[in-house]
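Data first, discussion second: the structure below is written as structure tokens.
Quick note: the coordinates plus some simple rules give every number you see, no bench work behind them. These numbers come from a predicted model, not from an experiment. Please note: Cβ atoms are built from the backbone with ideal geometry, for glycine as well, and neighbour counts cover all protein chains shown.
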Amino acid sequence: MRLTQWTDYTLRVLMYCAATEGRVQPVTIAEVAEGYGISRSHLMKIVQQLATQELLQTTRGRGGGMRLMRPASAINVGAVVRATETDFHLVECFDAATDQCRLSGHCHLKGVLGRAMDAYLAVLDGVTLADLVPPLITTPAGMRGTRRLLPVETAGLPLDH
């Protein structure tokens, strides 16, 4: 299964916000766009959808930006993928309305691929947004520190994974 660019960018925005959780100033679209090399206008649409889904809290104007509405540990990656992907039909026969395959009645491929898709989604269901970002680094005095995810290159993650 290949995720759409929309889902990829959605996960990146959420991960960026999770990695900066606890920061005084909110994350801005411009900051994410620059960090990942993504179009600001494309990100605005994604952020708007995430706000509608009550995953991000957004504030307009000077000093505005976005923050996670829930703790990263309460955001399930499987649920995010299901909300952003539009087509889980791996092959034609997954959709009874468009199935034209002459082997549908005798073929076991649909069942095998169906189990593979279920396993794929089960793995994602077992992961939260918190699992995708490094843990906080605490300072010697035991004060809350920062995560080491940003900029992306410093975490050893390529911009295009």
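What three numbers, in Å, describe the spread of the alpha carbons of the stretch 1-89 along their principal axes, ordered from the longest?
Computed over the Cα atoms, the extents are 43, 28, 20 Å.
Could you tell me the calculated FRET efficiency between VAL24 and ALA79, based on Cβ-Cβ distance and R0 = 25 angstrom, to the nearest 0.05?
0.30
Using a Förster radius of 30 Å, what is the FRET efficiency between ASP131 and THR59 based on their Cβ-Cβ separation? Nearest 0.05, please.
About 0.65, to the nearest 0.05.
Under 5 Å between amide hydrogens, which residues at least 5 positions from LEU56 or on another chain qualify, with H placed 1.01 Å from N in the peptide plane?
Distant-sequence amide H within range of LEU56: ALA51, MET69.
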